[in-house]
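Enquirer: Provided herewith is a single structure, encoded as C-alpha cells, for subsequent inquiry.
The values are calculated or read from the model by the stated rules, or taken from the named source; none is laboratory data. Because the structure is predicted, anything quoted here is derived from the model rather than measured. Positions of Cβ are generated from backbone atoms using ideal geometry, with glycine treated the same way; all protein chains shown enter the neighbour counts. Calculation scope for accessible area: heavy atoms of the full protein, side chains included, ligands and nucleic acids excluded. Shrake-Rupley method; radii C 1.70, N 1.55, O 1.52, S 1.80 Å.
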Amino acid sequence: PQASLGAAERATNLAGAFAAHGVEGARVLVVDDVTTTGSTLNEAARALRAGGATAVFALAVARED
C-alpha cells in the first residue's frame, strides 16, 4: 500500500514498476484516480518515454493534500 508511505518511499517502491511497449512515437495520456506525491505518474511517464513515447500528459481526478 502506498497510502502510508512518504514521497521518497513511494518513489523507491515504484521504481521499475511499469514497462511500456508499442508506444513509439505516441502521445500518451496517463489518468490516475488520486495523486498524492506524483510518484505513480512520474514512474509511468518515465516508462512511457523509455518505451518511445514522444509526449506524455497526466491527468489526476483528485489530489490528496
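Enquirer: Go through the range 12-26 and report how many residues are open to solvent by 80 Å² or more (accessible area, probe 1.4 Å), touching a Leu at 6+ places or on another chain (Cβ under 7 Å) and closer than 17 Å to A53 by Cα.
Expert: 0
Enquirer: What number of residues in the range 1-42 are touching a strand residue (DSSP E or B) at 6+ places or on another chain (Cβ under 9 Å), small (G, A, S) and within 18 Å of R63 (Cα to Cα)?
Expert: Residues flagged as touching a strand residue (DSSP E or B) at 6+ places or on another chain (Cβ under 9 Å), small (G, A, S) and within 18 Å of R63 (Cα to Cα) within the range 1-42 amount to 1.
Enquirer: Moving on to the next point. Within the set of pairs 6 or more residues apart or between chains, which connect a residue that is outside any helix (DSSP H, G or I) inside the range 8-33 to a residue that is of a type in the set (S, T, N, Q) with Cβ atoms less than 8 Å apart?
Expert: G25/T54; A26/T54; R27/T54; D32/T40
Enquirer: Now for a separate question. Among residues belonging to the range 47-65 that are charged (D, E, K, R) and touching a strand residue (DSSP E or B) at 6+ places or on another chain (Cβ under 9 Å), point out the one that is most open to solvent (accessible area, probe 1.4 Å).
Expert: Kept after step one, since they are charged (D, E, K, R), are these residues of the range 47-65: 49, 63-65.
Checking the rest, the ones that are also touching a strand residue (DSSP E or B) at 6+ places or on another chain (Cβ under 9 Å) come to 49, 63-64.
Details: R49: 138, R63: 176, E64: 103 Å².
Among those that are charged (D, E, K, R) and touching a strand residue (DSSP E or B) at 6+ places or on another chain (Cβ under 9 Å), it is R63.
Enquirer: Hey, another quick one. Checking the condition open to solvent by 90 Å² or more (accessible area, probe 1.4 Å) and either among the charged types (D, E, K, R) or touching a Gly at 6+ places or on another chain (Cβ under 9 Å) (or both), which residue from E43, E9 passes? Talk me through it step by step, then tell me what you get.
Expert: Values: E43 fails: open to solvent by 90 Å² or more (accessible area, probe 1.4 Å).
Only one candidate qualifies: E9.
Enquirer: Looking at A26, A47, A53, A60, which one is among the aliphatic types (A, V, I, L, M) and in contact with a Lys or Arg (Cβ under 9 Å, 6 or more places away or on another chain)?
Expert: On the way: A26 fails: in contact with a Lys or Arg (Cβ under 9 Å, 6 or more places away or on another chain); A47 fails: in contact with a Lys or Arg (Cβ under 9 Å, 6 or more places away or on another chain); A60 fails: in contact with a Lys or Arg (Cβ under 9 Å, 6 or more places away or on another chain).
Going through A26, A47, A53, A60 in turn, the sole match is A53.
Enquirer: Name the pairs: first residue in the range 43-65 and within 22 Å of L5 (Cα to Cα) and in a loop (DSSP other than H, G, I, E, B), second residue open to solvent by less than 30 Å² (accessible area, probe 1.4 Å) and of a type outside the set (K, R), Cβ to Cβ under 8 Å, at least 6 apart or on different chains?
Expert: As it stands, the answer is E64/T35, since those pairs meet every condition given.
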